[in-house]
Amino acid sequence: MTSVFSSEESVTIENVWEKLGDKARFKILNGEKDGAGLLCACAKSRRFKDIRIEEYVDDTSIEENKQFAAMTFRIDDKRAVAVFRGTDDTIVGWTETL
């Protein structure tokens, strides 16, 4: 999602779908291969479409053998959820666990 956040501080889930559409690629725990179906369902849902995604960070460095990604889902003015990406299946992710 890095391209979605290149010039904006926060976007809604609906905005992410509008910008990425079925080109969105991420793995989710339910076994869906690319996650685009879940993103589409959330973007079209009255309950989730206006949730703002803020403070997006994706810091990966092959040279430093590190990866870190996190974002905040702003539910409303009083509630937010911090989300961290776990180790992935890239070479950096694999060697980071050694």
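Would you mention how many residues in the range 50-98 are modelled with pLDDT under 90 and acidic (Asp, Glu)?
8
What residue, among those in the range 5-49 that are polar (S, T, N, Q) and surrounded by 14 or more Cβ atoms within 10 Å (Cβ to Cβ), is modelled with the lowest pLDDT?
Step by step, filter the range 5-49, then rank; the result is 10.
The values are calculated or read from the model by the stated rules, or taken from the named source; none is laboratory data. The shown structure was predicted, so the numbers you read here are calculated from the model rather than taken from an experiment. Here Cβ is always computed from backbone atoms with ideal geometry, including for glycine, and neighbour counts include all displayed protein chains.
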